[in-house]
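The values are calculated or read from the model by the stated rules, or taken from the named source; none is laboratory data. Quantities reported herein were computed from a predicted structural model and do not represent experimental measurements. For neighbour counting, all protein chains shown are included, and Cβ atoms are generated from backbone atoms with ideal geometry for every residue, glycine included. Side chains included, ligands, DNA and RNA excluded: accessible areas come from the protein's heavy atoms. Shrake-Rupley method; radii C 1.70, N 1.55, O 1.52, S 1.80 Å.
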Amino acid sequence: MDVKQYDFDLPEELIAQVPLLDRASSRLMVLNREEQVISHRHFSDIKQFLQAGDCLVLNDTRVLPARLYGSKKDTGGKVEVLLLHQDHEDEWEVLVKPAKKVKIGTEIIFGEGKLVAECIGLSEHGGRKVRFSYEGIFLEVLESLGEMPLPPYIKEQLSDQERYQTVYAKEEGSAAAPTAGLHFTKELLADLKKSGVEIAYLTLHVGLGTFRPVSVENVEEHEMHAEFYRLSQETAEQLLRVKRNGGRIISVGTTSTRTLETIMRDYGTFKEASGWTDIFIYPPYQLRAIDGLMTNFHLPQSTLIMLVSALAGRDFILEAYKKAVEERYRFFSFGDAMLIL
């Protein structure tokens, strides 16, 4: 399958650079798969499309302030470090710039010595393995020194770091936000629960590979990055109960979808599980875990637009994206939302 089958024209000015003041004021495109109908609403209207007994599945990962700026201990040369994932205690896999200047044994100083990283190895794609030393609690030191690792297509500075976190973010570990969830407010979630909609949580720590373009012509040859996931026994039992009672499971974001589909693929049912997933969902994959999906608008030729095409069909998705461009929807992390039912 040729990756160009998932291409579309996107004017650069439609890439949202800053979040809206009110999270729930974004627009909402609703796709009815059965009737092949597209409608245009506002995100606060989502309550009209959910029924008592349905279940929204949210990813409660929290983005680390994973971008650090330091200097080499020996030369004072400036170095940028981006945390990818924790290997063991204080050992992390990171990206560094300029990479060629950071060799094994190099020490990088941050915050006048509050944090020190020693390069202890090399990793794939030009990455490095480092060991951190510090006093106190690592996450507190990181909060004081690090910056939010915004996606490469966002050029504006973020005045409020919390706007790149969901209001329910809890489990530290992501290099990027599960952006479909950025539209929810605590008030909207409370209203949905009052109306009988169930809210369930899982964790998938989003890696920077989510922004990596598909660099091969043949989709089947693309290798997905692995990301850590966890589904609790409580959530597994909640999802099983929802299905027994005839409710719909609607995942919020592609990260929630990939977690649920991984578990369904590996175990044939919802159950407590954790591990690393590199599941790649694209047509003609048949999604088994979910009945609907709420998501943002994705990059052309990306694995994410392929995932939503597996659910709704490539032609229907590309038609929806064409309308989104015509109607001037806002795209990507801080953009508008799509609900596929």
Of all the accessible heavy-atom surface of the range 229-294, with the other protein chains kept in place and a 1.4 Å probe, what percent is carbon and sulfur?
43
Kirkwood hydrodynamic radius, the range 132-254, all distinct C-alpha pairs: what's the number in Å?
17.6
Among His205, His183, His298, the residue with the largest mean-square fluctuation in a Gaussian network model of the chain built from Cα contacts under 10 Å is His298
How much of the accessible area of the range 58-110, probe 1.4 Å, is carbon plus sulfur, in whole percent?
50
When only Cα pairs under 8 Å and 6 or more residues apart are kept, what is the percent relative contact order across the range 62-146?
27
Quick one: what are the phi-derived ³J(HN,Hα) couplings along the range 12-25, Karplus 6.51/-1.76/1.60 with θ = phi - 60°, whole Hz, x for glycine and proline?
4, 5, 8, 7, 5, 9, 9, x, 5, 4, 9, 3, 8, 8
Rg and Dmax in Å for the range 230-341, alpha carbons only: what are they?
14.7, 44
Considering only the other residues whose Cβ falls under 13 Å of the Cβ of Asn218, what net charge follows from Lys and Arg at +1 and Asp and Glu at -1?
-4
Proximal lysines relative to Lys193, as straight alpha-carbon distance under 28 Å, when same-chain residues fewer than 8 apart are discounted
Lys47, Lys170, Lys243, Lys271
When the chain is treated as a Gaussian network with springs between alpha carbons less than 10 Å apart, the largest mean-square fluctuation among Gln17, Gln161, Gln48 is found at Gln48
With Asn59 itself left out, Lys, Arg at +1 and Asp, Glu at -1 over residues whose Cβ is under 15 Å from its Cβ give -1
Mind jotting down the distance between the C-alpha centroids of the range 13-92 and the range 217-281, whole Å?
18
Compare Ala310, Ala177, Ala66 in a GNM of the chain, Cα atoms joined below 10 Å, and give the one with the largest fluctuation.
Ala310
Tally Lys and Arg at +1 and Asp and Glu at -1 over the other residues with C-beta under 13 Å from the C-beta of Pro283: what net charge comes out?
-2
About the Cα centre of the range 35-106, how large is the charge dipole given +1 on each Lys and Arg Cβ and -1 on each Asp and Glu Cβ? Please answer in debye to the nearest 20.
660
Residue by residue through the range 288-298, what is 3J(HN,Hα) from phi via Karplus (6.51 cos²θ - 1.76 cosθ + 1.60, θ = phi - 60°)? Round to whole Hz and write x for glycine and proline.
10, 8, 10, 10, x, 8, 10, 8, 9, 8, 10
Any idea what the dipole of the range 67-144 comes to, in debye rounded to 20, about its Cα centre with Lys/Arg Cβ at +1 and Asp/Glu Cβ at -1?
560
Straight-distance crosslink candidates among lysines, where the alpha carbon sits under 22 Å from Lys103 and sequence neighbours closer than 8 are dropped:
Lys72, Lys73, Lys78, Lys114, Lys129
If amide H atoms are built 1.01 Å from N in the plane of the peptide, which residues on other chains or at least 5 residues away come under 5 Å of the amide H of Thr106?
Cys119
How large is the accessible surface per residue of the range 123-233, computed with a 1.4 Å probe and reported in Å² as a whole number?
50
Roughly how big is the chain's charge dipole about its Cα centre, with Cβ charges of +1 (Lys, Arg) and -1 (Asp, Glu), in debye to the nearest 20?
240
Got a sec? Charge dipole of the range 155-299, +1 on Cβ for Lys and Arg, -1 for Asp and Glu; which of Ala190, Ser174, Met264 is way out at the positive end?
Ala190
Output for the chain (equivalent-ellipsoid semi-axes, sqrt of 5λ from the C-alpha gyration tensor, Å, descending) is 35, 22, 20
Using the charge dipole of the range 94-231 (Lys, Arg: +1 at Cβ; Asp, Glu: -1 at Cβ; taken about the Cα centre), state which of Thr203, Gln161, Gly121 has its Cα farthest towards the positive end.
Gly121
If you stretched the chain out fully between Glu220 and Gln48, how much longer would it get, using 0.36 nm times the residue separation minus the C-alpha to C-alpha distance?
58.1 nm
Output wanted: per-residue J couplings in Hz (rounded whole) for the range 93-99, from phi through Karplus 6.51 cos²θ - 1.76 cosθ + 1.60, θ = phi - 60°, x for Gly and Pro.
8, 9, 9, 10, 9, x, 4
